[in-house]
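Engineer: Can you keep this structure in mind? I'll have questions shortly.
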Amino acid sequence: MLRVLDAEAEAHLADARELLATLSGTLTEFGASASDQAALATSVRQLDERFILVVVGEFNSGKSAFINALLGQDLLQEGVTPTTGQIQLLKYGATVTRGTGPDGLHVVTAPAELLRDVNVVDTPGTNAILREHERLTADFVPRSDLVVFITAADRPFTETERLFLTAIRDWGKKIVIVVNKVDIFSADSEREEVLAFVRTAARDLLGLSPDVLPVSARLAQRAKHGEPSLWGASRFEALEQYLRDILDAKGRFRLKVANPLGVALALTARYASIASERLTVTGEDRQLLGDIERQLAVYREDLERGFELRMAAAEKELADMEARGHRFFEDTLRIGRVVDLLNRARMQKEFEEKVVADAPIRVERRVTEMIDWLVDQDFRQWQAVTSKLLARQRQHASRVLGAPDIGGFHDSRSRLMDSVGREAQRVVDTYDRRREAELIADQARVAVAASAAAGGAAVGLGTVVTVAATTVAADVTGLLLASLVLGIGFLIIPARRRRAKAALEEKVAALRVRLTAALRSEFDRAREQSGHRLSDAVAPYARFVRAEERRWSEAQAALERLSHDAARLIRQLETGPANQESAIPNG
Ligand SMILES: Nc1nc2c(ncn2[C@@H]2O[C@H](COP(=O)(O)OP(=O)(O)OP(=O)(O)O)[C@@H](O)[C@H]2O)c(=O)[nH]1
Ligand SMILES: [Mg+2]
């Protein structure tokens, strides 16, 4: 059970426990891996357990020999080849016993003073051949309160040791480096050279300067077993003093509480980086959605401009017809042609041939072109959106390959993108431009005919134009006839001509208004529909991106707060109550 030294220490402990509980909740909420959650839970549980000092380092560096020397007993097997194959937990006992603990660890008990306050753990050495040994050790590190890292003076700081230190440094453990086997040096300068080398390497690797202590475990063992003269050369006195200093009740409290906080720091950093990776993804997704949105806006503008142009072409056909009408009236409505004028049927036929001519067909063709173009534009939009979605999916898929998918984010995201992309692709694949065009054309015809008061029947556009134009012919010729019959033709012909032209202008203008209005409203409707269909298609993806973005930025903020609090608590522990208050005796 962790000894609480005073009220302030108690407060720190309570703060730490609260923070750890909050972090645990946050990790659960964001789907942290089971092993990370277990690591946190273990480190919290450890607050109530005995202090654990773990000895790690490359095989043959003398870890077992170091522990034997420290405890003054030959408890552990030593050897020149990889020797320790299991985690060995050493704890206090009145006699030496060996057995297996409930968690499968080898447990050795011994009557050694140090073991009254501290459990010591010997670990299999790290090296490139026995990966399994290394994993056992790495897995055990989160459970420790203090890590004694042993490197051999004859092979100081090997590559494996560097890699191992890198792997464990994020757990935020206090690490002490021991350079063992310093008895191999014949000159002090050689030893100092190695120590300087190890200090620099450790600082480069850990970003801080851990304590580095030189010892000879072999000489210390011999000193404790009847050759006291070797004690000085073993340099063990300084090491034992160092351990006594940091492992008194205050020191143990500090390290104990700092330990789960270190784990908390490591986990908050890990998940903050996951959150920021998620936010990068959702940020890019949002950019893509913005791209699509902008593209749709440009598309709408293009449609608008294109519509105006195409509408102008249709109107030009009407204007041409009007111009032909003017010429016709100029040529026809004159005194010399009075006899012709009296033949109403002939006049009308001539008007239709010369003025109306192929205007209905041409207008109809223009409108058909317009609709085809509209449908084509719609199709292109689908293609563009689809290819954007597919490209994003490919780009992303290649990046997340093999990365752990915390909370199933990538999984559900790619499933969603898949279905959205597939749906868009399906639209593209089955897009029937002919049919789409016919639908719009039909509706346009109905609209034009209805506005032309043609009884709502779906007559062709050409028919509408024909009807309008021939009504002009009928009206004009009808008026003329009446005047001519009265015998005052020569007086009224110029006036009639003017009126005929005006009537034609009026009719054509009315026709133009009807045509434009009907086509405009049909066009607007088709455009809206196409826009909606496209945005509906990407809507689920957009919703997902918004929700995930919110979720992960909340996670990021929560983790940042927790990390900040953990760092503050660790600082307080370092400078806080344990330094001011009187120590309570060990027990
Ligand atoms: N010269 C010298 N040799 C030592 C010293 N300490 C240990 N050795 C020797 O180094 C070899 C390895 O020692 P161990 O204690 O078995 O090393 P270990 O780190 O536990 O090795 P593994 O269990 O295989 O990981 C043994 O032959 C020890 O006798 C020392 O201080 N000086
Ligand atoms: Mg060993």
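Engineer: Taking amide H positions as placed 1.01 Å from N in the peptide plane, with prolines and chain starts having none, which residues 5 or more places from residue 150, or on another chain, fall under 5 Å of its amide H?
Structural biologist: 56, 57, 178
Engineer: Of the beta bridges DSSP finds with both residues in region 50-247, what % are antiparallel, to the nearest 5?
Structural biologist: Antiparallel: roughly 20 percent of the beta bridges in region 50-247.
Engineer: Find out how many positive minus negative residues lie around residue 76, taking Lys and Arg as positive, Asp and Glu as negative, among other residues whose Cβ is under 9 Å from that of residue 76.
Structural biologist: It works out to a net charge of -2.
Engineer: With every protein chain left in place, what is the accessible area of residue 92 in Å² (1.4 Å probe, nearest 10)?
Structural biologist: Its accessible surface works out to 80 Å², give or take rounding.
Engineer: Which length gain, in nm to one decimal place, applies between residue 189 and residue 74 when the Cα-Cα distance is subtracted from 0.36 nm times their residue separation?
Structural biologist: Difference between extended and current length: 38.3 nm.
Engineer: Going by amide H atoms built from the backbone, whose H comes under 5 Å of the H on residue 91, apart from near neighbours?
Structural biologist: Hits under the 5 Å cutoff: 108, 109, 110.
Engineer: Another question about this same structure. Averaging sequence separations of C-alpha pairs under 8 Å and six or more residues apart, then dividing by the length of the chain, give the relative contact order as a whole percent.
Structural biologist: Reported relative contact order: 17 percent.
Engineer: Does a label point 7 Å from the Cα of residue 353, set along Cα-to-beta-carbon, have any residues of region 307-327 with amide nitrogen under 12 Å, and which are they?
Structural biologist: Taking a point 7 Å out along Cα→Cβ of residue 353, no residue of region 307-327 has its backbone N under 12 Å.
Engineer: How many nm is it between the label spots at residue 237 and residue 81, if each spot is 7 Å from the Cα in line with the beta carbon?
Structural biologist: 4.0 nm
Engineer: Hey, another quick one. Given Cα pairs under 8 Å that are at least 6 residues apart, what percent is the relative contact order of region 85-196? Mind dumping the intermediate values first?
Structural biologist: Working: 158 pairs, mean separation 23.2, N = 112.
Computed value for region 85-196: 21 percent relative contact order.
Engineer: Same structure again: List every residue whose amide H lies under 5 Å from the amide H of residue 51, counting only residues 5 or more places away in sequence or on a different chain, with H placed 1.01 Å from N in the peptide plane.
Structural biologist: 119
Engineer: Once phi is turned into ³J(HN,Hα) by the Karplus curve 6.51 cos²θ - 1.76 cosθ + 1.60 with θ = phi - 60°, what whole-Hz value does each residue of region 109-125 show in order, with x for glycine and proline?
Structural biologist: Each residue's phi maps through the Karplus curve to give 9, 7, x, 10, 4, 3, 6, 5, 9, 9, 8, 10, 10, 9, 10, x, x Hz.
Engineer: Something else about it: Just need log10 I(q)/I(0) for region 257-349 at q = 0.19 Å⁻¹, Debye formula, equal scatterers on the alpha-carbon atoms, no solvent, rounded to two decimals.
Structural biologist: The computed values of log10 I(q)/I(0) come out as -0.97.
Engineer: Quick one: with all protein chains in place, what share of the accessible area of region 50-247 is carbon or sulfur, to the nearest percent (1.4 Å probe)? Before the final figure, lay out each step's value.
Structural biologist: Details: 4460 of 8580 Å².
Within region 50-247, the accessible surface is 52 percent carbon and sulfur.
Engineer: With only alpha-carbon atoms counted, please give the Rg and Dmax of the chain, in Å.
Structural biologist: 45.7, 155
Engineer: In the chain, which helices (entire DSSP H runs) extend 24 Å or more along their own long axis, judged by Cα positions, while averaging at least 1.6 on the Kyte-Doolittle scale? List each step's numbers first, then the result.
Structural biologist: Details: long enough: 7-29 (33 Å, 0.06); 188-206 (27 Å, -0.24); 249-332 (122 Å, -0.39); 359-400 (61 Å, -0.64); 409-430 (31 Å, -0.88); 433-451 (27 Å, -0.28); 461-485 (36 Å, 1.78); 489-575 (119 Å, -0.53).
Helices passing the filter in the chain: 461-485.
Engineer: Determine the percent antiparallel among the DSSP beta bridges restricted to the chain, to the nearest 5.
Structural biologist: Around 20 percent antiparallel, to the nearest 5.
Engineer: Follow-up question, since we're still on this one. Please give the solvent-accessible surface of residue 248 in Å², to the nearest 10, using a probe radius of 1.4 Å with every protein chain present.
Structural biologist: 50 Å²
Engineer: How many angstrom separate the Cα center of region 535-561 from the Cα center of region 164-186?
Structural biologist: Between the Cα centres of region 535-561 and region 164-186 lies a distance of 43 Å.
Engineer: Testing the spin-label approximation: label points 7 Å from Cα along Cα→Cβ at residue 323 and residue 100. State their distance in nm.
Structural biologist: Using points 7 Å along Cα→Cβ, the separation is 10.4 nm.
Engineer: Using unit Cβ charges (K, R positive; D, E negative) and no other charged atoms, how large, in debye to the nearest 20, is the dipole of the chain about its Cα centre?
Structural biologist: 2480 debye
Engineer: If we sort 162-170, 60-68, 30-38 on the protection proxy, mean other Cβ atoms within 10 Å, highest first, what's the order? Mind showing how you got there, number by number?
Structural biologist: Values: 162-170: 17.3, 60-68: 26.0, 30-38: 15.1.
Descending packing order for the listed peptides: 60-68, 162-170, 30-38.
Engineer: Another question, then. When only the heavy atoms of the protein chains count and the probe is 1.4 Å, how do 28, 160, 466 rank by accessible area, highest first?
Structural biologist: 28, 466, 160
Engineer: Separation between the residue 432 and residue 391 pseudo-spin-labels, each 7 Å from Cα along Cα→Cβ, expressed in nm?
Structural biologist: Distance between label points: 3.1 nm.
Engineer: Charges only on Cβ, +1 for Lys and Arg, -1 for Asp and Glu: so what's the dipole of region 298-390 about the Cα centre, in debye to the nearest 20?
Structural biologist: So the magnitude is around 240 debye.
Engineer: Leaving out ligands and nucleic acids, and using a 1.4 Å probe, what accessible area per residue does the chain come to in Å²?
Structural biologist: 47 Å²
Engineer: Per DSSP H run of n ≥ 4, the term is -39500 (n - 2.57); total these for the chain, divide by its residue number, and report the mean residue ellipticity at 222 nm rounded to 500 deg cm²/dmol.
Structural biologist: -24000 deg cm²/dmol
The values are calculated or read from the model by the stated rules, or taken from the named source; none is laboratory data. All values derive from a computational prediction rather than experimental measurement. Positions of Cβ are backbone-derived with ideal geometry, glycine not excepted, and every protein chain shown enters the neighbour counts. Note: areas computed on protein heavy atoms with side chains; ligands, DNA, RNA excluded. Shrake-Rupley method; radii C 1.70, N 1.55, O 1.52, S 1.80 Å.
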